[in-house]
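Reading through the structure tokens given below for one structure.
What follows draws every value from the coordinates through simple rules; no lab data is involved. What you see is a predicted model; the values in this text were computed from it and never measured. Backbone-built Cβ (ideal geometry, glycine too); neighbour counts: all protein chains shown.
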Amino acid sequence: MNKFSKALVLGAMAFSAVAFAAPKGKTVKIGGVAPLSGAVAVYGVECKNGIDLAVSEINAAGGINGQQVQFICEDDEGDAAKSVNAYKKLVTRDRVRVIIGSLTSGCTIAITKQAQAQKVLQIAPAATAPAITDAGNYIFRTCFIDPFQGKVGGKFAFSNLNTKNAAVLYDIGNDYSVGLMENFVAEYTSLGGKVVAKESYNTGDKDFNAQLTKIKSAKPDVVYLPDYYGTVALIAKQLRAQGINTPIVGADGWDGLTGNAGDEVLNGYYSNHYAED
């Protein structure tokens, strides 16, 4: 299930959760916090499209207990500080009691404690950091967590791709990237694989050639790249330019990569959210 389909289901769940809260004849308001612009806008736009579709279908069918649904979505641009501002606006000015969002883990965690303290139901559609739901019983998610998909990546690289030596290149300042890397390494090595290179970079870096030179000299059979699609597109181009033609593996942050990269991402694989229904 991609983020668009998942958001559709999520929207229906949220509408059901708040139907009891709105008096008869009143509009049911649902708030949204998502990156509708910025470096990870693909996620926010997909999510909003899914929820908008759910709203239109539910309203066309008569709404919830005769009440029409209104979705109010704020753009946080993938910036945690702006997520907080969006949350405050939705709760104080729009007076919503349910919020869907945000999409990335850092932005979502930025508002979980406030949501819990104010008893605002928060549902995260794609935030995979384990700590998301630690804030309390008003915080939910509909996706798997990073330890799970990191292990899936490690198992896939070792068993499905039949590799024995892996390299990892990750963002040392991004909890999402670090968590995936750690769980990939743990699973891959537990299966008998060897991590021959573990290189890092800082958030916002554009030049990865120094790290890739070291990775190339280690002669890996596969390279694990746990980051978002924009950064992965840059890394993949430089990786192929250096003559590293191994398979590359990543996680759900790659969603949107095919629309932002070329042939350099061929022979690439990533884990993502899926459900048959």
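At-a-glance table
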read-out	value
Computed lengthening from K164 to T213, 0.36 nm per intervening residue step minus Cα-Cα distance	15.7 nm
Cα shape, segment 134-196, gyration tensor, a/c 1.5 rule	prolate
Inter-centroid distance (Cα atoms) of segment 78-138 relative to segment 155-183, Å	28
Listed residue (I51, Q122, A157) projecting farthest to the positive dipole end of segment 20-161, Cβ model	Q122
Among 172-180, 44-52, the order from most to least packed when residues are scored by Cβ within 10 Å on average	44-52, 172-180
Counting DSSP beta bridges with both ends in the chain, the antiparallel % (nearest 5)	5
Semi-axes of the equivalent ellipsoid for the chain, Cα gyration tensor, largest first, Å	38, 17, 16
Relative counts (whole %) of C-alpha pair distances in segment 190-237, using bins that are 5 Å wide	4, 17, 32, 24, 14, 7, 2
Sum of -39500 (n - 2.57) over DSSP H runs of 4+, divided by residues of the chain (222 nm, nearest 500)	-13000 deg cm²/dmol
Scaled radius of gyration (Cα, divided by 2.2 N^0.38 Å) that segment 91-200 gives	1.31
In degrees, nearest ten, helix 105-117 long axis to first principal axis of the chain (Cα)	30
Computed log₁₀ I(q)/I(0) - Debye formula, equal Cα scatterers, no solvent, segment 146-270, q 0.14, 0.15, 0.17, 0.18 Å⁻¹	-0.49, -0.57, -0.75, -0.85
Acute angle (nearest 10 degrees) that the helix 175-190 long axis makes with the longest principal axis of the chain, alpha-carbon atoms	50
Acute angle (nearest 10 degrees) that the helix 3-18 long axis makes with the longest principal axis of the chain, alpha-carbon atoms	30
Residues R95, R240, sorted so that the one with the fewest Cβ neighbours within 10 Å comes first	R95, R240
Cut-off 13 Å (backbone N to label point 7 Å along Cα→Cβ of Q238), residues of segment 202-220	202-216
